[in-house]
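The values are calculated or read from the model by the stated rules, or taken from the named source; none is laboratory data. Being a predicted model, the structure only gives us computed values, none of them experimental. Counting neighbours? That spans all protein chains shown, and the Cβs are built from the backbone with ideal geometry, glycine included.
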There are 2 protein chains.
Amino acid sequence: MTEFDMPGRDGATLETAPTRYVESRTIRFAYRRLGPQTGTPLVLLQHFSGNIDAWDPAVVNALAADRPVIAFDNAGVGRSSGQTPDNVAAMARDAVDFISSLGLAKVDLLGFSLGGCVAQQIAAEHEELVRKLILVGTAPKGGEEHLLEVLQQAFSQTDAPDPRLPLFFTNSSASRSSGLAFLKRTKVRKDDRDIDHGSAVTDPQAKALITWCATPDPGHAILRAIRQPTLVVSGSHDTMLPANNAYTMFKELRNAQLVLYPDSGHGALFQHHETFVGHVRTFLDAHRAAE
Amino acid sequence: MTEFDMPGRDGATLETAPTRYVESRTIRFAYRRLGPQTGTPLVLLQHFSGNIDAWDPAVVNALAADRPVIAFDNAGVGRSSGQTPDNVAAMARDAVDFISSLGLAKVDLLGFSLGGCVAQQIAAEHEELVRKLILVGTAPKGGEEHLLEVLQQAFSQTDAPDPRLPLFFTNSSASRSSGLAFLKRTKVRKDDRDIDHGSAVTDPQAKALITWCATPDPGHAILRAIRQPTLVVSGSHDTMLPANNAYTMFKELRNAQLVLYPDSGHGALFQHHETFVGHVRTFLDAHRAAE
């Protein structure tokens, strides 16, 4: 199956698109495909604990206005079969397995948080497969993370309507208000919602992310192996994976743009969704590598 | 005269627009006005040694596609009368004098290099006058500059077709090629070109920029006084005013976005002109302060 005969549905949204399945030799992957039939597909790599319905429809639908966008559950997550691995390298192999199963020979990748680690690993190892790379709220191998203490704080806020409010947004009224709007958007879909598996997914994912950051990468070998144009994005006050990671990635990558947003946390892409979509479009549509 | 009865010329470009004049009590200012009649005008504040024709038509004309854009010579520069002051505060007063002379009550400012210092001073002192602020290749008061040594190196490269090639671009072939294209674009206008005054302008301007960076600003008082949404932009390898300045401004400003471009020097906005224009549009068109 090529990208041209994939069952895309123009006009479908993240909230209305059917969840589809594709089988590799080992995994049955759940995914949704939005946007036009042609163009380089943008494949989304999700954050720690998130499934397809954890993406922000405001971001995904706007990006799908002018390019194919594919959200999926990696092995063991949501409605995909298999086990969630406990390391980024295996997650990258699974994601490549998914992309290959769709018959896609060239994609753009948008990796958020843990998904950004997976995206780095894929881009470094598969120069031919990845055209451009977008890394949001993530860290380089050997980078700085505060996952466990921030999660602990977030889950201790028993009055928060959702742990993503303190995890993804700052304490300012503007950011919290954006956070509540984000949560509302993620709950519009009622039928055929994706599912959660709790610690069967989050335990190995946490181990993968913490190990990724705890493992030194001398000379930033992975970043230096990435040759694709890269857009690096972070919130000013990301408590889990601080913005310093983004500045480091910008400086070590061969061809990176850096974008940092004000008064924002780990979920900066959801808070500043219009601006973020504008930046992604500008980046993906630039016709020269240097642009 | 209000912004609505200004003699704008739809379809005019930086290369074809007539140079116009407006008189304040003390200065006769030269300017060119492009773009539509309505909308918040974007006023451009030029770099050390530059006049109106030192702006990149690719940037200015693209920005003027959907907003009024005004390029002008500050006091003593180009075809404007008066003396070039030797300090940023006086340059800011002159620029406000120019804006007031046009009868404009609210503008956006784009300040490049020395013009970015002037823009910071204006925004900090005139909250009501400035809607949004764009700071490119510049430094905060007390920031880091390497003006004299870099100028010396640039002017010692006697084989360079223009000192702006080594000053504004990196040594990579992509950047140098962008630099040659930039120089070509700035030379398209033949008639009614702006004029240079040599050291009568550059001596006081150099003193102003060096003094700005040599003067500590405890607690970043100027940055903290700026309440407008701000877009901070820098090249990865700016040798005169390093990108660290941009990261500092982003962190100290109340509401700033940061954008850094790869493989680029002081002239990053000209090298990455399409992407830069995309970023400026996304920033100026965002309808909420938080966006």
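Residue check: is A:Gln157 polar (S, T, N, Q), touching a helix residue (DSSP H, G or I) at 6+ places or on another chain (Cβ under 7 Å) and farther than 16 Å from A:Gln205 by Cβ?
When the stated conditions are applied, A:Gln157 passes them.
For the condition in contact (Cβ under 8 Å) with a residue 24 or more places away in the chain, away from chain A (no Cβ under 14 Å), in contact with an Asp or Glu (Cβ under 8 Å, 6 or more places away or on another chain) and buried (at least 19 other Cβ atoms within 10 Å of the Cβ), what is the one hit in B:Thr186, B:Thr170, B:Thr211?
Testing whether each residue is in contact (Cβ under 8 Å) with a residue 24 or more places away in the chain, away from chain A (no Cβ under 14 Å), in contact with an Asp or Glu (Cβ under 8 Å, 6 or more places away or on another chain) and buried (at least 19 other Cβ atoms within 10 Å of the Cβ) leaves just B:Thr186.
Identify all residues within the range A:273-288 that are crowded, with 24+ Cβ neighbours inside 10 Å and in contact with a His (Cβ under 9 Å, 6 or more places away or on another chain); write none if there are none.
A:His279
This table checks each residue for (1) under 19 Å from the mean Cα position of the chain (by Cα); (2) at pLDDT 95 or above; (3) among the aromatic types (Phe, Trp, Tyr).
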{"position": "B:Glu3", "(1), (2), (3)": "no, no, no"}
{"position": "B:Asp10", "(1), (2), (3)": "no, no, no"}
{"position": "B:Pro18", "(1), (2), (3)": "no, yes, no"}
{"position": "B:Thr26", "(1), (2), (3)": "no, yes, no"}
{"position": "B:Arg32", "(1), (2), (3)": "yes, yes, no"}
{"position": "B:Asn51", "(1), (2), (3)": "yes, yes, no"}
{"position": "B:Val60", "(1), (2), (3)": "yes, yes, no"}
{"position": "B:Val69", "(1), (2), (3)": "yes, yes, no"}
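Residues in the range A:270-277: is at least one at pLDDT 95 or above, under 21 Å from B:Ser264 (Cα atoms) and more than 7 Å from chain B (Cβ to nearest Cβ)?
Within the range A:270-277, not a single residue is at pLDDT 95 or above, under 21 Å from B:Ser264 (Cα atoms) and more than 7 Å from chain B (Cβ to nearest Cβ).
Would a scan of the range B:128-138 turn up a residue that is of a type outside the set (A, V, I, L, M, F, W, C), touching a residue at least 12 places away in the same chain (Cβ under 8 Å) and within 24 Å of B:Thr186 (Cβ to Cβ)?
yes
Mind checking which helices (runs of 4 or more DSSP H) fall wholly inside the range A:126-245 and carry at least 3 residues that are under 26 Å from A:Val77 (Cα atoms) and out of contact with any Lys or Arg (no Cβ under 7 Å at 6 or more places or on another chain)?
Passing ranges, in order: A:147-156, A:164-168, A:173-186, A:199-214.
If I go through the range B:250-272 residue by residue, how many of them are touching a residue at least 40 places away in the same chain (Cβ under 8 Å), in contact with a helix residue (DSSP H, G or I) (Cβ under 6 Å, 6 or more places away or on another chain) and surrounded by 24 or more Cβ atoms within 10 Å (Cβ to Cβ)?
7
B:Leu109 - would you say it is surrounded by 15 or more Cβ atoms within 10 Å (Cβ to Cβ), within 14 Å of chain A (Cβ to nearest Cβ), in contact with a strand residue (DSSP E or B) (Cβ under 9 Å, 6 or more places away or on another chain) and under 22 Å from B:Asn51 (Cβ atoms)?
no
Do we have B:Asp203 as more than 14 Å from chain A (Cβ to nearest Cβ), in contact with a strand residue (DSSP E or B) (Cβ under 9 Å, 6 or more places away or on another chain) and surrounded by fewer than 23 Cβ atoms within 10 Å (Cβ to Cβ) here?
no
Only residues that are over 13 Å from B:Ile70 (Cα atoms) and exposed (fewer than 14 other Cβ atoms within 10 Å of the Cβ): list them for the range B:23-38, please.
Once the filter is applied, which keeps residues that are over 13 Å from B:Ile70 (Cα atoms) and exposed (fewer than 14 other Cβ atoms within 10 Å of the Cβ), the range B:23-38 yields B:Glu23, B:Arg25, B:Thr26.
So which residues in the range A:84-110 are farther than 23 Å from A:Ser199 by Cβ, acidic (Asp, Glu) and assigned to a loop (DSSP other than H, G, I, E, B), if there are any at all?
none
Within the range B:143-167, count every residue that is farther than 22 Å from B:Phe270 by Cα and crowded, with 18+ Cβ neighbours inside 10 Å.
1
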